[in-house]
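A short write-up of the structure that comes next.
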Amino acid sequence: MNKMKKLAAALACVMTMTVIAPYSAYAMDVSGTESTMITAKGISSDKLDENTDKTISGITELVKSDDKLKGLIKSAEGAAALIAENFPEVKFVTVPFIQMMKAFYTGDEPEVTLDSLAKKMRSISCDMKDMKKDLIEAMTSANDMAEFVKAYNNFERVCREIHIQFDQISCWNNLPQEEKDIKMANLIGTREKWVNEDNAVSALSILGDYLTGEKKLSSGNNTIYTTMVNHYSKSVCFGKEAIEKTDSFIGDAAAIYLQGSIEMIDCLLAERAQLLRQGTKSAECDADYCVDKIKSILQQVEDVKTCINKYRKNTNPLMFYDHSGNTQKNIPMLETLGRTDFTAAKELKNILPGDRILSTEQMQYIINYVKTYHPEKTLREFLQYVGFKFTGNDYEKAFMMVNMGGPKSMQMSSGCARNYYYKGVDLKDKNYNESENLYLYVSIGWTTVSRNEAQYPMYYMIR
């Protein structure tokens with residue numbers, strides 16, 4: 001199963017179960033002219049008793065009355081959109097998340113009603129096993145990830161039963177909404193239990209703290225993103241490759257986290273509804289805290305996006321992970337490759353920025369790496385994939401310098417000849433054969449000087 005299918009398979013448990021049940025109690029019914037809301041005393045028409053100060057309005061009305069909540073909902077919506085932009089494979093999670101956010105403040109638009117969302121949720125498969133398997137394999141293969149593995153495993157353990165019960169409760173059509181709310185609320189318990197690590201609300205918060213970078217891994221004080229890039233740098237050649245491998249890990253983690261966020265918001269809304277039905281001051285206090293907790297989840301979603309963007313901005317795709325020696329060296333490279341067309345009779349050491357070019361051993365390591373791990377690509381194609389820029393055209397014949405070489409002189413009866421050469425690889429040669437390339441021939445006679453300059457240009461990498 002490819003990645004998209006895995007993620008398609010990954011989502012529905014959450015999505016089918018999530019938005020369906022509690023929201024019918026909060027969203028305004030747009031199918032008719034009279035909307036229905038839940039009050040502290042039960043169900044009433046939208047002409048609420050003006051003397052009742054314990055009215056539980058629909059979620060749309062709650063959002064309209066709370067500017068901060070509305071702002072956080074829109075921020076979380078935008079954050080999910082940016083996560084989807086960076087990791088297209090998780091759109092199966094982000095699209096329903098975004099639609100749910102929109103439904104909170106546009107409940108009067110039929111196309112985003114929760115019934116419509118529920119149908120879309122049901123159309124997605126209910127299996128996240130492959131995604132979780134990929135995530136666990138990535139985590140357990142890296143050093144220094146034990147703390148995050150523990151946080152993830154705890155989150156997955158406490159939420160596993162919630163996934164199952166969400167589906168069962170939401171699909172039980174004969175159960176009154178009030179009873180559904182109570183059952184949903186019971187899945188997370190009362191606010192006093194949310195501080196416990198084995199509680200779903202707390203487990204989501206801890207997992208999110210790692211994704212926001214607030215929690216660092218203790219041994220290196222690194223975020224999980226930096227740790228994964230460092231892990232993959234040991235087996236790849238350039239930052240681009242490490243980023244792509246880390247992105248796969250981040251996509252899985254973000255999808256699972258957003259899944260949990262949707263579920264926790266649903267549970268908190270159900271808890272709020274059943275608390276307000278009690279009509280006591282203590283229950284109202286707890287109901288307000290449910291809203292506060294929802295705000296903290298929405299803020300954390302925004303913070304996750306911010307941390308991911310920071311990781312992507314600060315990770316250099318052109319970082320060369322040099323394994324040619326006994327230890328790994330991380331060498332940032334210039335984006336534009338150096339190029340010379342050999343228009344002057346000079347030795348390369350007089351043309352090249354000698355202290356900034358890679359050594360013969362480093363160049364041989366890069367070429368052997370490409371030959372071994374990317375045999376389907378030419379050297380030019382691989383370097384372009386990494387992000388390097390060539391100043392010439394793709395169709396031109398050109399070489400990549402491996403060894404600076406030098407001059408070879410030969411005494412002749414009428415003077416002398418000097419050959420200038422370097423060792424390099426044809427950028428289009430899929431065999432990556434290294435050859436000795438003459439770039440300048442100079443014949444110096446007693447009365448004449450003749451030059452035969454190289455036919456093809458040469459590129460070189462600059463640190």
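The values are calculated or read from the model by the stated rules, or taken from the named source; none is laboratory data. Bear in mind that the values here come from a model prediction, so they are computed numbers and not experimental data. Every residue, glycine as well, gets a Cβ built from its backbone with ideal geometry; the counts of neighbours run over all protein chains shown. We work out accessible area using only protein heavy atoms, side chains counted, and drop any ligands, DNA or RNA first. Shrake-Rupley method; radii C 1.70, N 1.55, O 1.52, S 1.80 Å.
Considering only protein heavy atoms and a 1.4 Å probe, what is the carbon-and-sulfur percentage of the accessible area of the range 169-270?
Carbon and sulfur: 43 percent of the exposed surface of the range 169-270.
Any idea what the relative contact order of the range 328-451 is, in percent, if you count C-alpha pairs under 8 Å spaced at least 6 apart?
23
State, as an integer percentage, the relative contact order of the range 232-359 based on alpha-carbon contacts under 8 Å between residues 6 or more apart.
This gives 28 percent for the range 232-359.
For the range 209-262, what class follows from the C-alpha gyration tensor (a ≥ b ≥ c being the square roots of its eigenvalues): rounded when a/c is under 1.5, otherwise prolate if a/b is larger than b/c, else oblate?
Oblate, since a/c reaches 1.5 and b/c is not below a/b.
May I ask you to derive the relative contact order of the range 403-463, considering only C-alpha pairs under 8 Å and at least 6 residues apart, and to give it as an integer percent?
26
Given H placed on each backbone N at 1.01 Å, which residues far from Asn222 in sequence or on other chains put an amide H within less than 5 Å of it?
Here Leu217 satisfy the definition.
I'd like to know which of Ser414, Tyr460, Ser443 lies farthest towards the positive end of the charge dipole of the range 414-463, counting +1 on Cβ of Lys and Arg and -1 on Cβ of Asp and Glu.
About the Cα centre, the residue reaching furthest to the positive side is Tyr460.
State the percent of C-alpha pairs, over all pairs in the range 421-463, separated by a distance greater than 12 angstrom.
That tail contains 69 percent of the Cα-Cα pairs.
What does the accessible area per residue of the range 250-303 come to in Å², with a 1.4 Å probe and no ligands, DNA or RNA counted?
Spelled out: the 1.4 Å probe surface of the range 250-303, per residue, equals 25 Å².
Which pairs, out of Lys91/Lys295; Lys329/Lys397; Lys68/Lys281; Lys234/Lys397; Lys193/Lys305; Lys64/Lys216, put more than 25 Å between their alpha-carbon atoms?
Lys329/Lys397; Lys234/Lys397; Lys193/Lys305; Lys64/Lys216
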